[in-house]
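The values are calculated or read from the model by the stated rules, or taken from the named source; none is laboratory data. Worth saying up front: this structure is predicted, and the values here are computed from it rather than measured. Glycine also receives a Cβ, built like all others from the backbone with ideal geometry; neighbour counts cover every protein chain displayed. Ligands, DNA and RNA are excluded from the accessible area calculation, which covers all protein heavy atoms including side chains. Shrake-Rupley method; radii C 1.70, N 1.55, O 1.52, S 1.80 Å.
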Amino acid sequence: MTIEGTINARDLGGLPTGDGRRVRLGKLIRSAELDKLTERGVAALRDQHRVATILDLRSTRERTKRPPANGLHRDATLVHSDYATSSADMERLWAKDDVTHAEVHAMMLDIYRQLPWEQAEGFRLLFELVETGRTPILFHCAAGKDRTGAAAALLLSALGVTREAIYDDFLMSELCFEANRTRFAGNGADALLLRAEWEPILRTDRAYLDAMFTALEARGDMAFYFAEALGFDAPRIERLRASMLEAA
């Protein structure tokens, strides 16, 4: 999916569930941040994709530094949760020095282990927006791969999408590696992005999602997480599925 002014955009529609259904097309879109959307990009969200709600998963600092493009608020409801910082707010990490590639990779694994609980408020918002019919929804963070990738994986899990399809969607963000290097460089991280030891920050590694699911399952099954962290018990999960799934 091409939306002029952002990257890593795609429709989650069509992904298969374990019971033979699929996610409805045109209801759930994920992307990177929208601060650089062009007029044509804004128009595409309005006229082509008819986005009703935009959920911004970035921190308050990120949203203040790079606010949404002009015009988005006229055609869609902008939603966010205020929080000061995130382990996935990568620009905070540039101040660190003397790190190795292995240390940065291990840091990314730790970030993914924390995301389901650290970002529970934003992820709950996503589930609630789906539940209340605020679709089509576009949800995004900065690069559209970590907070957004975790949110997509959790929502798709709740919808019963196969684990293989969840990983396939997650790993599509690796195709944006070079585009993310360019984007981060434009946000002031030029020198560090040339250092190979920091590369895991910009990568989309299967091991990251493995770490998240392993951490979740160590505390209980997915149903436990949905109920305890997000407030979505079995009946609410079934309502999500009824609204977002169709026959394949």
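For this structure, a couple of remarks:
- Only one entry in Ile3, Ile54 is part of a strand (DSSP E or B) and either out of contact with any Phe, Trp or Tyr (no Cβ under 6 Å at 6 or more places or on another chain) or more than 13 Å from His140 (Cα to Cα) (or both), namely Ile54.
- Counting only residues that are touching a Lys or Arg at 6+ places or on another chain (Cβ under 6 Å) and assigned to a loop (DSSP other than H, G, I, E, B), segment 57-79 holds 1 of them.
- Only one entry of Phe123, Phe177, Phe127 meets the criterion of being under 17 Å from the mean Cα position of the chain (by Cα) and over 26 Å from Thr53 (Cα atoms), and that entry is Phe177.
- Just one of (1) among the polar types (S, T, N, Q); (2) touching a Gly at 6+ places or on another chain (Cβ under 7 Å); (3) closer than 25 Å to Ala227 by Cβ fails for Thr135. It is (2).
- On the stretch given as segment 142-172, residues that are closer than 23 Å to Arg124 by Cβ and either of a type in the set (Ser, Thr, Tyr) or modelled with pLDDT under 95 (or both) total 4.
- Residues in segment 124-149 that are within 26 Å of Ala248 (Cβ to Cβ) and either open to solvent by less than 10 Å² (accessible area, probe 1.4 Å) or in a helix (DSSP H, G or I) (or both): Leu126, Phe127, Leu129, Val130, Glu131, Ile137, Leu138, Phe139, Thr148, Gly149.
- Residue that is open to solvent by 20 Å² or more (accessible area, probe 1.4 Å), under 29 Å from Arg113 (Cβ atoms) and among the small types (Gly, Ala, Ser), where the choices are Ala52, Ala84, Ala43: Ala84
- Residue check, Ala95 small (Gly, Ala, Ser) and at pLDDT 95 or above: no
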